[in-house]
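Report on the following structure.
The values are calculated or read from the model by the stated rules, or taken from the named source; none is laboratory data. Treat the numbers as computed from the prediction; the structure is a model and nothing was measured. Using ideal geometry, Cβ is built from the backbone for each residue, glycine included, and neighbour counts are taken over all protein chains shown. Each accessible area value is taken on the protein alone, full model and side chains, heavy atoms only, with ligands, DNA and RNA left out. Shrake-Rupley method; radii C 1.70, N 1.55, O 1.52, S 1.80 Å.
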Amino acid sequence: MEMNIALLPGDGIGPEVIAQAVKVVKAVGEKFGHKISFEEAVVGATAIDKTGDPYPDSTHEVCLRGDAVLFGAIGDPKYDNDPKAKVRPEQGLLRMRQKLGLFANVRPTFTFPSLVHKSPLKLERVDGVDFVFFRELTGGVYFGEPRGRNEQGTKAFDTNVYSKEEITRLARMGFEAAQKRRKLLTCVDKANVMATSRLWRETVQELAGEYPDVKVEYEFVDAVAMRLIQWPKAYDVLITENLFGDILTDEASVISGSMGLMPSASLGTENKLFEPIHGSYPQAAGKDIANPLATVLSAAMMFEYAFDLKEEAQAISDVVNKSLAEGVVTEDIAEGGKAYKTSEVGDWLAANI
Ligand code: IPM
Ligand code: MN
């Protein structure tokens, strides 16, 4: 197969971890006989520095040309403590999601046997956890209008809006994923308080009849925040709106003890983007110490979700597991053993594909 991949390294550790994913993707290409080309573009703070715009049109064109987008991270501390900054790296990310129509953010949580003891939860609660969030990504309070302040600047408001169509397309992805997994779908909302949540619940209830093999549960977001910690194994596929999903997937990303290891996919009808869940980790930027595995696993998701190449995806998961088992890992998980550099882990993975 021929594939053209848009590479958006972004800020902080983004370029370093993306470089390792590229090594692995190239190795997969050689092993399985695919012709893979890459086209790189700037995004985030790096793009602001170069062009004044965190998601310039030239970058958008590269993304549109690509069969898939592989993205590192964005964010720079110089913007974090300046709420008045006119342009922010995050605006680039939001505009990219919107312009590429990436309405479904798929964030799995699974455990690695060799790391599960690092979970903040008791072993028996977390061993074997395997669930996936489908977070709606281009609607809700992130994009709703009106938003802003009153004239005096003393009151601020955001608007949460959802259409039935937006809920339906996300929910269908969740139902279909559940059919291929353990056939349990949890709709996460706040229907006891919010009108948008009541529309979510009503829409999912209507769809449920089309998926009789899937068991559907409805839970309030505050209860899910609690139960994710108490009984994470109770979940299979969870669907939720943008803001709830933002919060819960951060919670979910640490419970397996593999913080910094979870990949994600953002899917639309036309475009697909893959990125690690972790951020730009500016303290580690340029030091060759960041853990590249989340980005490498995002590349595995790319083979599966963008190209329907499951064997290639499996080959990447396998080599990641092998590196963990053999202790070829960066300092964050080395635990007194040898800490490998980011680039060394990447070389090892590519050599062992
Ligand atoms: C994420 C991030 C973004 C979000 C920020 C950086 C805008 O936290 O991808 O979850 O809130 O969606
Ligand atoms: Mn987030």
Coil-residue trypsin sites (Lys or Arg not before Pro) of the stretch 19-59, DSSP, other Cβ within 10 Å capped at 15:
none
Rounded to the nearest 20 debye, dipole of the stretch 50-147 from Cβ charges on Lys, Arg, Asp, Glu:
220
Provide, as a two-decimal number, the C-alpha radius of gyration of the stretch 221-338 over 2.2 N^0.38 Å, N being how many residues it has.
1.17
Integer Hz, Karplus 6.51/-1.76/1.60 couplings in order for the stretch 102-107, x for Gly and Pro
8, 8, 10, 9, 9, 10
Explain nothing, just compute: Karplus ³J(HN,Hα) = 6.51 cos²θ - 1.76 cosθ + 1.60, θ = phi - 60°, for every residue of the stretch 30-47 in order, whole Hz, x for Gly and Pro.
5, 5, 9, x, 10, 9, 10, 10, 10, 10, 9, 8, 8, 8, x, 4, 4, 6
My understanding is that a pair violates if its Cα-Cα distance is over 31 Å; which of Lys26/Lys233; Lys50/Lys190; Lys86/Lys272; Lys26/Lys122 do that in this structure?
Lys26/Lys233; Lys50/Lys190; Lys26/Lys122
Springs between alpha-carbon pairs under 10 angstrom, Gaussian network model over the chain: which of Gln205, Gln152, Gln20 fluctuates most?
Gln152
Loop only per DSSP, at most 16 neighbouring Cβ atoms within 10 Å: give me the trypsin sites (Lys or Arg not before Pro) in the stretch 248-323, ordered by residue number.
Lys287
Measuring from a point 7 Å past the Cα of Lys233 along Cα-to-C-beta, which residues in the stretch 163-182 have an amide N at less than 20 Å?
181-182
Helical mean residue ellipticity (222 nm; -39500 (n - 2.57) per DSSP H run of 4+; nearest 500) of the chain
-13500 deg cm²/dmol
Taking R0 as 35 Å and r as the Cβ-Cβ distance between Ile247 and Glu326, the FRET efficiency 1/(1 + (r/R0)^6), rounded to the nearest 0.05, comes to 0.50
Largest-first principal axis extents of the Cα set of the stretch 114-238 (Å):
55, 38, 24
I'd like to know which of Gln230, Thr295, Val319 lies farthest towards the positive end of the charge dipole of the stretch 205-353, counting +1 on Cβ of Lys and Arg and -1 on Cβ of Asp and Glu.
Val319
Let me know the charge dipole size of the chain about its Cα centre in debye, to the nearest 20, where only the beta-carbon of Lys, Arg (+1) and Asp, Glu (-1) is charged.
400
Could you do me a favour and compute the accessible area per residue for the stretch 300-353, 1.4 Å probe, result in Å²?
47
Identify which of Pro89, Pro292, Pro263 has the largest mean-square fluctuation in a Gaussian network model of the chain, with springs joining Cα atoms closer than 10 Å.
Pro89
With a ≥ b ≥ c from the Cα gyration tensor eigenvalues, square-rooted, and the rule rounded for a/c under 1.5, otherwise prolate when a/b > b/c and oblate otherwise, the stretch 114-168 is oblate
Given a Förster distance of 25 Å, the FRET efficiency implied by the Cβ-Cβ spacing of Arg169 and Ser58, rounded to the nearest 0.05, works out to 0.30
Could you run the Karplus curve 6.51 cos²θ - 1.76 cosθ + 1.60 with θ = phi - 60° over the stretch 113-128 and give me ³J(HN,Hα) per residue in whole Hz, x for Gly and Pro?
x, 6, 10, 5, 5, 8, 5, x, 9, 5, 3, 5, 7, 10, 4, x
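Convert 4 °C to kelvin, take the viscosity as 1.567 mPa s, use the Kirkwood radius over C-alpha pairs of the stretch 296-353 as Rh, and evaluate the Stokes-Einstein diffusion coefficient in µm²/s, rounded to a whole number. Present the calculation step by step, with values, prior to reporting the outcome.
Working: Rh = 11.8 Å.
Rounded to a whole number, D works out at 110 µm²/s.
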Which trypsin sites (Lys or Arg not before Pro) in the stretch 69-148 sit in a loop by DSSP (not H, G, I, E or B) and have at most 14 other Cβ atoms within 10 Å of their own Cβ?
Lys84, Lys86, Lys122, Arg147
Need one word for the stretch 1-77: rounded, prolate or oblate. Basis is the Cα gyration tensor (sqrt eigenvalues a ≥ b ≥ c); a/c below 1.5 gives rounded, then a/b vs b/c decides.
oblate
Leading residue at positive end of dipole, the chain (Cβ point charges), from Gln283, Ala306, Ala252
Ala252
Relative to the Cα centre, what is the charge dipole magnitude of the stretch 202-353, using +1 at the beta carbon of each Lys and Arg, -1 at the beta carbon of each Asp and Glu, and rounding to the nearest 20 debye?
580
Ranked by GNM mean-square fluctuation in the chain (Cα springs under 10 Å), the top entry among Glu275, Glu304, Glu335 is Glu335
Could you name the lysines in cross-link range of Lys180, using Cα to Cα under 16 Å and dropping any fewer than eight places away on the same chain?
Lys215, Lys310
Residues with amide H under 5 Å from that of Phe38, placed H, sequence gap 5 or more
Ile5
Pseudo-spin-label distance Phe307 to Glu202, built 7 Å along Cα→Cβ, given in nm, is 4.4
List the lysines whose alpha-carbon lies under 21 Å from that of Lys338, not counting same-chain residues fewer than 8 positions away?
Lys118, Lys287, Lys322
Mind giving me the FRET efficiency for Gln314 and Arg182? R0 is 22 Å, r the Cβ-Cβ distance, nearest 0.05 is fine.
0.70
Within the stretch 169-184, whose backbone N sits under 20 Å from a point 7 Å along Cα→Cβ of Phe110?
173-184
Can you give the three extents of the C-alpha atoms in the chain along their principal axes, from longest to shortest, in whole Å?
53, 48, 41
